[in-house]
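Below is one structure; the comments refer to it alone.
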Amino acid sequence: MPAIVGAVQINSIGGGGVFHIGDVFAISPYSVAKTFAGAGSFNTGDGLNIYNQYSSTNTNDHDVADSNVVGNV
């Protein structure tokens, strides 16, 4: 179903990103990534006060394949 889209501002799109406005049947990724980060790693903003006394990130991953993208090209 068509839609009316107002103003759109795009600051950046990464190499594996997808930007689409309008009707679409399927959008499939070309790549996947797994990121491990501790507490408070991805906080953004002005004047943040973050207090992480003890932070531990569990990076044990016993999966053989997490996200398969075979055939999405």
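The values are calculated or read from the model by the stated rules, or taken from the named source; none is laboratory data. No experiment lies behind these values; they were computed from the predicted model shown. Neighbour counts run over all protein chains shown; Cβ positions are idealised from the backbone, glycine included. Each accessible area value is taken on the protein alone, full model and side chains, heavy atoms only, with ligands, DNA and RNA left out. Shrake-Rupley method; radii C 1.70, N 1.55, O 1.52, S 1.80 Å.
Odds and ends about this structure:
- Exposure of residue 57 as accessible area (Å², to 10), given a probe of 1.4 Å and all protein chains: 60
- Here the accessible area is traced with a 1.4 Å probe on the protein chains. For region 1-47, carbon and sulfur cover 54 percent of it.
- Computed over neighbours whose Cβ is under 15 Å from that of residue 60, the net charge equals -2, Lys and Arg +1, Asp and Glu -1.
- Averaging 1/r over every pair of different alpha carbons in region 1-47 and inverting the result gives a Kirkwood radius of 14.8 Å.
- Between residue 3 and residue 43, the contour length at 0.36 nm per residue exceeds the alpha carbon distance by 11.1 nm.
- Per residue, in Å², the accessible surface of region 1-47 once ligands and nucleic acids are set aside, probe 1.4 Å: 92
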